[in-house]
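Let me begin by presenting the structure, written as structure tokens, before commenting on it.
The values are calculated or read from the model by the stated rules, or taken from the named source; none is laboratory data. If you're wondering where the values come from, they're calculated on a predicted model, not measured in any experiment. Reconstructed Cβ throughout: ideal geometry from the backbone, glycine too, with neighbour counts over all protein chains shown. When the accessible area is computed, the model is the full protein with side chains, heavy atoms only, and any ligands, DNA or RNA have been set aside. Shrake-Rupley method; radii C 1.70, N 1.55, O 1.52, S 1.80 Å.
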Amino acid sequence: MMTWTWRTWPDPLVDFGRELYLAWQLSRGRTLYVDNAYFDGPLSPYLNALWMKLFGVSITSVMVANFIVMIAVIALLHGLLRRAAGRVAALVGALLFVAISCFGRLVPCGNYNFMTPYSHHFTYGFLFSLAAISCTHLPSRLRGRHVAFTGLLVGLVFLTKVEFAFAAALVAVAGLLLRTGSERPDQRLRLALILSCAAASPAVIAFSLLVLRMPPAAALRGTLGSIYWTLASHITSLPFYRAGLGIDDVRGNLLLLATGATFIFLAACVAVGVAFASARITRTRESRIAPVIAFVTVIALLMFTLGSPRWFDAIPKALPLAMAVLTATWLVIYLRSPRETENSQVLALRIALCLYALALLGKMVLNARLYHYGFVLAVPALLLLVAGFVSWLPAAASKRGADGGVVRAVGLACVSVLALIYVGAMIPLIRNQQHPVGSGPNAFLADERGAAEQIMVEWINKNVPAEATLAVVPEGAMINFLTHRANPTPNSIFMPPEMLVFGEDQMLQGFKSAPPDFVLLCHKDTSEFGVPLFGRDYGEKIGNWIRENYTPVVKVGDVPLQDPY
């Protein structure tokens with residue numbers, strides 16, 4: 001996957017450039033929230049700045065760090081799945097994760113992969129929360145040091161994204177309750193206090209460091225990060241976020257959810273039914289030939305759906321319902337099982353993983369998907385569903401006299417075709433990345449937008465003094481990074497969400513207080529936010545100020561920020 005997709009991972013203009021630009025600025029001594037406006041937690045920008053400080057300012061430095069994070073995530077996922085569902089589920093889950101999430105491109109916009117994520121809070125939050133689950137559910141008895149380390153990891157997650165903070169806190173508390181059910185009340189209280197204090201410590205340290213460079217209110221807002229802005233209804237009510245949540249078309253999304261749930265249910269019923277029939281015919285619970293026949297037959301049947309993959313588009317929609325059912329199932333089994341046994345520990349881990357997967361799906365509850373944010377948020381649920389088909393369901397069928405190997409074969413066939421469809425969808429998108437952008441350790445391949453961007457980068461490097469300042473409007477901080485021309489204003493992104501968070505008047509004041517030497521207008525259709533074009537449908541004050549104070553010096557392609565019709 002890495003070889004095939006080599007350096008096609010970033011988007012040339014959207015999101016990832018902001019991550020690079022912020023890290024570069026922080027590595028030069030600028031302060032987050034003061035010199036550079038930002039509305040998420042402080043962890044990942046400062047970590048990326050550290051990598052650049054240690055290994056040089058380049059895309060490659062960040063990619064190498066992200067590759068290490070990805071390997072750690074794969075190891076944690078494999079270890080958790082192996083303990084919760086066995087070796088086969090762990091192997092299949094890890095391979096599926098690599099095929100779909102690690103290097104993939106399931107939409108024209110890049111950034112939804114682990115090598116160049118649109119937000120490093122996603123990858124770091126995923127890493128630290130998986131580590132917290134692993135620490136809470138070690139095979140040994142839960143001790144104070146394990147709880148303290150879990151709390152520390154949860155505290156680090158708190159400094160990333162709100163969805164990961166909620167999910168990590170939920171599974172930490174649930175894990176503590178499940179793993180200490182037989183402890184004395186005073187011992188449980190002691191462990192709860194250890195968890196709380198350890199979880200609060202990263203936020204306290206972050207606030208203490210930030211308050212040295214800014215007013216307490218700004219330091220608190222920065223420490224709270226996206227949690228602070230999640231409560232702002234004027235932001236979350238944008239069409240983009242409503243569509244992501246699925247509440248823009250509740251009826252249609254519920255229909256797709258029902259379709260996906262029906263497919264999953266029928267696949268399970270067919271697998272179990274064939275397994276019982278196989279056991280009766282062969283008069284043995286585990287035949288050798290029956291699973292092979294089942295695998296080949298199901299593959300052949302499902303291949304007919306390749307031309308109409310709506311079934312597989314519907315399956316992710318059903319993940320929230322599937323996780324709710326799995327959580328309830330394992331909880332009932334746990335409550336009926338004896339405590340302080342190896343089996344109860346495994347059941348507690350299964351409950352924790354299902355709760356974690358369900359919590360991450362909250363951001364897309366009616367529009368769960370494997371592309372876009374789903375490259376992280378839907379992964380745990382998908383892998384647990386895979387574990388159900390290749391491990392838990394076969395084991396349950398075998399206990400009741402069926403051929404568990406047949407059930408596993410049907411599950412593996414479904415997973416194989418699912419992976420084939422999604423990897424196949426990447427092929428034309430990867431092939432479209434033909435235009436080189438940047439050079440040396442900053443080189444990557446992009447779509448046709450990359451050709452215009454490279455022309456612009458070369459023109460800036462040749463004609464704009466190295467010490468000159470540059471603002472790219474409304475989005476395109478990648479150009480700032482590639483040319484090493486800083487934006488003197490606090491804001492590097494002028495998209496509708498940023499306008500609502502920081503206010504257009506405040507952003508305009510940033511231009512007036514520190515006017516950039518050059519302004520680059522980059523075409524961006526923002527219809528997904530309900531306002532198509534900057535300077536006309538939103539950001540009119542800034543757009544008018546730019547037109548009044550700057551004159552055009554060069555144009556690449558069509559006139560930007562104009563209707564194409």
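Helix-only arithmetic for the chain: the sum of -39500 (n - 2.57) across DSSP H runs with n ≥ 4, divided by the residue total, places the mean residue ellipticity at 222 nm at -20000 deg cm²/dmol.
Roll a 1.4 angstrom probe over the protein heavy atoms and tell me the percent of accessible area of segment 421-543 that is carbon or sulfur.
Details: 2750 of 4940 Å².
That share works out to 56 percent.
When restricted to Cα atoms, segment 365-508 yields an Rg and a Dmax of 24.2, 77 Å, respectively. In a reduced charge model with +1 at each Lys and Arg Cβ and -1 at each Asp and Glu Cβ, the chain shows a dipole moment near 2440 debye about its Cα centre.
Computed from phi, the 3J(HN,Hα) profile of segment 252-263 under the Karplus parametrisation 6.51, -1.76, 1.60 (θ = phi - 60°) reads x, 5, 5, 5, 5, 4, 5, 5, x, 5, 5, 4 Hz, with x in place of Gly and Pro.
How many angstrom lie between the Cα centre of segment 444-480 and the Cα centre of segment 170-195? Cα centres, segment 444-480 to segment 170-195: 53 Å. Computed with a 1.4 Å probe over protein heavy atoms only, the accessible surface of segment 1-143 comes to 31 Å² per residue.
Residue ranking by accessible heavy-atom surface, 1.4 Å probe, largest first, among 9, 51 comes out as 51, 9.
Here the Karplus curve 6.51 cos²θ - 1.76 cosθ + 1.60, taken at θ = phi - 60°, turns the phi angles of segment 549-561 into couplings of 10, 9, 10, x, 10, 7, 9, 10, x, 6, 4, x, 6 Hz, with x standing for Gly and Pro. Look at the dipole of segment 428-516 built from charges on Cβ: of 429, 497, 511, the Cα furthest out on the positive end belongs to 429.
Once the 1.4 Å probe is applied to the protein heavy atoms, segment 449-496 comes out at 31 Å² accessible per residue. In whole angstrom, segment 468-510 maps to an equivalent ellipsoid with semi-axes of 19, 11, 6, each derived as √(5λ) from the alpha carbon gyration tensor and ordered largest first. Amide H contacts of residue 113: 118, each under 5 Å away and 5 or more positions distant or on a separate chain (H built 1.01 Å from N in the peptide plane; Pro and chain starts excluded).
Segment 18-93 and segment 379-393 have Cα centres spaced 27 Å apart.
Within the full protein context, the accessible area of residue 141 is estimated at about 130 Å² for a probe radius of 1.4 Å. Expressed as a whole percent, the accessible area of segment 108-246 that falls on carbon and sulfur atoms is 73 (1.4 Å probe). Only protein heavy atoms count here; under a 1.4 Å probe, residue 416 has an accessible surface of about 50 Å².
Report D for the chain in µm² per second (integer): Stokes-Einstein, Kirkwood Rh on Cα pairs, 4 °C, 1.567 mPa s.
Diffusion coefficient, whole number: 51 µm²/s.
For the chain, the tally of Lys pairs with Cα-Cα distances below 19 Å comes to 6, considering only residues 8 or more apart or on different chains. When the residues 462, 555 are ordered by accessible surface, computed with a 1.4 Å probe over the protein chains alone, the sequence from largest down reads 462, 555. Taking all protein chains together, 236, 327 sort by accessible area into 236, 327, largest first [probe 1.4 Å]. Our note on the geometry: Cα centres of segment 506-546 and segment 414-434, 36 Å apart. Solvent-accessible area of residue 35, all protein chains in place: 50 Å² (probe radius 1.4 Å, heavy atoms, ligands and nucleic acids excluded).
For the chain, DSSP calls about 35 percent of its internal beta bridges antiparallel.
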